[in-house]
Amino acid sequence: MARTLAQDYGDKREAILRAAARLFADEGYGRASMSQVAQKCGISKANIYHYYPSKEALLFDMLDSHLSELRDRVVNLAFKSDDPKVQLRAIITEVLLTYQGADAEHDVMLSAMQALPEAQQDKLRHYQKEATAVLRDRLVAICPAGVTADRAKLWALTMSVFGMLNWHYKWSSTADEALRREHADMITDLVIGGVKGMQD
């Protein structure tokens, strides 16, 4: 007979994910232990294994939750305009807002995803590709034809935009929503202005 989950199971799981993300970001995934995660959460080591059978399972659930939320928010954006420049601004803003309060999870994604089995990495990369494609398609719509025809150049441009977004937490970790929106406008203006200067 399957064990009945406690009513607060979801809340406790979320608390474990948050504590583990902070620990993995501060100490490094390789050095952190499940005992330390349990201590951070104020529960026993035995109890934490009720939620996750291994540190690897904990890492995957953390990154799966983080990246699937990003994918969902970007892919499901309801645009208020058909103008690809306006849409690009909305996407960039949504990415920075999604990252708010998730600096630790984001740091772990950048530093520890490769510790997971290849099949799990593939699933996480698929989330990333889906979100990336949404932004790339708007760049295609505003770039000169010669740029969009060059797959390597288009890829480099797309990844350069995500580079600014992915590392935002390093130079503005305390940014609130208003400042993130301001930064999103600045990044969008840089991208649109730069695209204007690109040659066919």
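The values are calculated or read from the model by the stated rules, or taken from the named source; none is laboratory data. Only a predicted model underlies this, so the values are computations on that prediction, with no experimental measurement involved. Here Cβ is always computed from backbone atoms with ideal geometry, including for glycine, and neighbour counts include all displayed protein chains. When the accessible area is computed, the model is the full protein with side chains, heavy atoms only, and any ligands, DNA or RNA have been set aside. Shrake-Rupley method; radii C 1.70, N 1.55, O 1.52, S 1.80 Å.
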Query raised in the report: What does the helix-only formula give at 222 nm for the chain: each DSSP H stretch with n ≥ 4 adding -39500 (n - 2.57), the total divided by the residues, and the result rounded to the nearest 500 deg cm²/dmol?
Result: -24000 deg cm²/dmol
**Report entry** Percent carbon-and-sulfur accessible area, the chain, ignoring ligands, DNA and RNA, probe 1.4 Å
**Finding:** 51 percent
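Using 0.36 nm times the number of residues separating residue 49 and residue 133, minus their current alpha carbon distance, what extension gain do you get?
Details: separation 84, 0.36 × 84 = 30.24 nm, distance 3.71 nm.
Answer, rounded to one decimal: 26.5 nm.
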Query raised in the report: Distance from the Cα centre of the stretch 147-200 to that of the stretch 62-84, in angstrom?
Result: 16 Å
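Nearest 20 debye, what's the magnitude of the dipole of the chain about its Cα centre given +1 on Lys and Arg Cβ and -1 on Asp and Glu Cβ? Provide the component values of the computation, followed by the final result.
Numbers: 25 positive and 27 negative charges, 54 e Å.
Charge dipole, the chain, about its Cα centre: 260 debye, nearest 20.
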Report task. Could you tell me which of 84, 186, 155 has its Cα farthest along the dipole of the chain towards the positive end, charges placed at Cβ (Lys, Arg +1; Asp, Glu -1), taken about the Cα centre? Result -> 155
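In square angstrom, what is the accessible area per residue of the chain with a 1.4 angstrom probe? Can you show the working numbers first?
On the way: 10770 Å² over 200 residues.
Per-residue value: 54 Å².
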Query raised in the report: If you build a Gaussian network model of the chain, linking Cα atoms that sit under 10 Å apart, which residue out of 77, 88, 139 swings the most?
Result: 77
Query - Whole-percent pair-distance distribution, where bins are 10 Å wide, for the alpha carbons of the chain - result: 8, 31, 31, 19, 9, 3, 0
**Report entry** 3J(HN,Hα) from dihedral phi, the stretch 17-28, Karplus parametrisation 6.51/-1.76/1.60, rounded to Hz, x for glycine, proline
**Finding:** 4, 5, 5, 5, 4, 5, 5, 5, 5, 7, 9, x
